[in-house]
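Following: one structure in structure tokens, then a few remarks.
The values are calculated or read from the model by the stated rules, or taken from the named source; none is laboratory data. Since this is a predicted model, take the numbers as computed values, not measurements. No Cβ is skipped: glycine too gets one built from the backbone with ideal geometry, and neighbour counts run over all protein chains shown.
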């Protein structure tokens with residue numbers, strides 16, 4: 001079996017050898033899905049996984065825009081339309097200096113499985129630009145977004161490809177992007193999700209990824225007759241996902257002690273309560289400040305510059321920042337310090353070494369394609385509301401989100417239980433996500 005996996009990865013590497021993040025994502029899937037394919041005749045010999053790792057369409061384009069001083073800047077825009085076997089492409093747009101084809105391909109590949117797990121009719125895609133919104137005025141961000149959409153519009157649509165937000169793309173950016181799309185196409189459609197509530201957005205959408213991650217962690221703990229109440233929780237990041245993961249953790253009785261950004265992390269041994277979290281939300285969302293400013297407001301807290309929070313003892317770890325932020329050494333430290341549960345709020349925040357370390361220790365570990373699927377699930381609910389021209393209440397959306405996360409958890413259990421009773425959530429998520437897409441691809445023929 002290892003020879004089959006190696007041969008597959010050698011072929012993928014020959015085409016994508018300069019894309020390490022993409023190869024990492026494919027390797028994780030191949031390790032669990034290829035043995036499943038070999039054991040199931042319906043999939044064997046059809047090269048389904050090889051077709052799934054090749055994007056249906058990879059679009060790259062120039063984005064020229066003018067800053068407040070009249071200087072012209074040029075960035076690169078992308079849209080990766082990975083797989084549309086079960087529905088139109090769905091996935092976020094990321095504006096960040098680190099964006100490149102490798103990162104977006106790994107995100108799009110993960111998105112295929114994530115969207116499949118939600119059971120909603122959505123294919124997988126991802127896009128973005130190496131543009132950095134930080135330090136830019138609202139007018140500069142608007143001009144960039146309008147220039148970006150002036151090219152992207154020809155490749156998307158409510159029945160073709162429905163982008164959403166991601167890192168660097170929040171309500172402000174979605175508004176500017178939607179405004180330009182509406183102007184060019186002369187129509188008001190649900191072509192973007194993450195919209196404002198007054199113009200087609202869904203309640204709970206900003207909270208959904210963070211809430212969903214915590215719901216998934218709670219479901220994992222329930223398999224051990226345990227829950228979040230009274231647990232110490234370490235969270236990385238301080239953006240949208242981390243903020244709402246912290247909020248839901250507090251609502252379920254957990255104690256959040258860390259948040260972070262690219263500069264370092266804060267540790268508050270007294271716990272980040274509702275008042276302190278409200279300060280962080282205002283600091284990051286409105287003032288666009290740094291997490292280090294937290295200790296100016298709350299001097300009893302500590303700021304650790306240039307470090308990640310995985311050295312802090314905890315019961316639960318929620319990596320909610322970015323890819324590969326948690327390595328094998330970090331995983332060993334977390335386990336040594338008593339961590340019993342890890343649920344990924346970001347996309348692929350744990351390296352392969354870290355994942356294997358968690359699994360070898362038999363602790364509860366959920367990959368992002370399962371535990372952070374709440375965001376895209378609620379985007380799917382927003383699409384439904386747009387199509388039906390209705391608006392569900394906050395309570396209705398939250399209940400639907402909670403139900404979707406439980407269904408994803410149950411699918412992981414179905415395909416992930418091993419001989420010793422341990423649930424390999426990575427295996428379970430990969431196989432459950434693969435089966436739905438693979439069945440659709442087989443039904444549609446070689447396309």
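Residue-wise test of (1) more than 20 Å from the chain's Cα centre (by Cα); (2) in contact (Cβ under 8 Å) with a residue 12 or more places away in the chain; (3) buried (at least 24 other Cβ atoms within 10 Å of the Cβ).
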residue: 255; (1), (2), (3): yes, yes, no
residue: 260; (1), (2), (3): no, yes, yes
residue: 269; (1), (2), (3): yes, yes, no
residue: 287; (1), (2), (3): yes, no, no
residue: 311; (1), (2), (3): yes, yes, no
residue: 332; (1), (2), (3): yes, yes, no
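Could you say whether any residue in segment 377-396 is closer than 23 Å to residue 21 by Cα, in a helix (DSSP H, G or I) and in contact with a helix residue (DSSP H, G or I) (Cβ under 6 Å, 6 or more places away or on another chain)? No: zero hits. The single condition from (1) under 14 Å from residue 258 (Cα atoms); (2) touching a strand residue (DSSP E or B) at 6+ places or on another chain (Cβ under 6 Å); (3) outside any loop (DSSP other than H, G, I, E, B) that residue 293 fails is (2).
Checking the stated criteria, residue 364 turns out to be buried (at least 19 other Cβ atoms within 10 Å of the Cβ) and in contact with a helix residue (DSSP H, G or I) (Cβ under 8 Å, 6 or more places away or on another chain).
Annotation: of all residues in segment 36-46 being surrounded by 14 or more Cβ atoms within 10 Å (Cβ to Cβ) and part of a loop (DSSP other than H, G, I, E, B), the one that is modelled with the highest pLDDT is 43.
Filtered by the rule that a residue be in a helix (DSSP H, G or I) and either in contact (Cβ under 8 Å) with a residue 12 or more places away in the chain or crowded, with 17+ Cβ neighbours inside 10 Å (or both), segment 348-361 gives 352, 353, 354, 355, 356, 357, 358, 359. Any chance segment 124-138 includes a residue that's in the same structural domain as residue 179 (by TED's automatic domain parsing), touching a residue at least 12 places away in the same chain (Cβ under 8 Å), surrounded by 18 or more Cβ atoms within 10 Å (Cβ to Cβ) and part of a helix (DSSP H, G or I)? No; the residues of segment 124-138 include none that is in the same structural domain as residue 179 (by TED's automatic domain parsing), touching a residue at least 12 places away in the same chain (Cβ under 8 Å), surrounded by 18 or more Cβ atoms within 10 Å (Cβ to Cβ) and part of a helix (DSSP H, G or I).
Report yes if some residue within segment 215-226 is more than 22 Å from the chain's Cα centre (by Cα) and under 14 Å from residue 254 (Cα atoms); otherwise report no. Yes, segment 215-226 contains a residue that is more than 22 Å from the chain's Cα centre (by Cα) and under 14 Å from residue 254 (Cα atoms).
With the condition kept exactly as written, say whether any residue in segment 85-92 is assigned to a strand (DSSP E or B), assigned by TED's automatic domain parsing to the domain that holds residue 169 and free of Cβ contacts under 8 Å to residues at least 12 places away in the same chain. No, segment 85-92 contains no residue that is assigned to a strand (DSSP E or B), assigned by TED's automatic domain parsing to the domain that holds residue 169 and free of Cβ contacts under 8 Å to residues at least 12 places away in the same chain. So residue 232 passes all but one of these: (1) touching a residue at least 60 places away in the same chain (Cβ under 8 Å); (2) at positive phi. Which condition number does it fail? For residue 232, the exception is condition (2).
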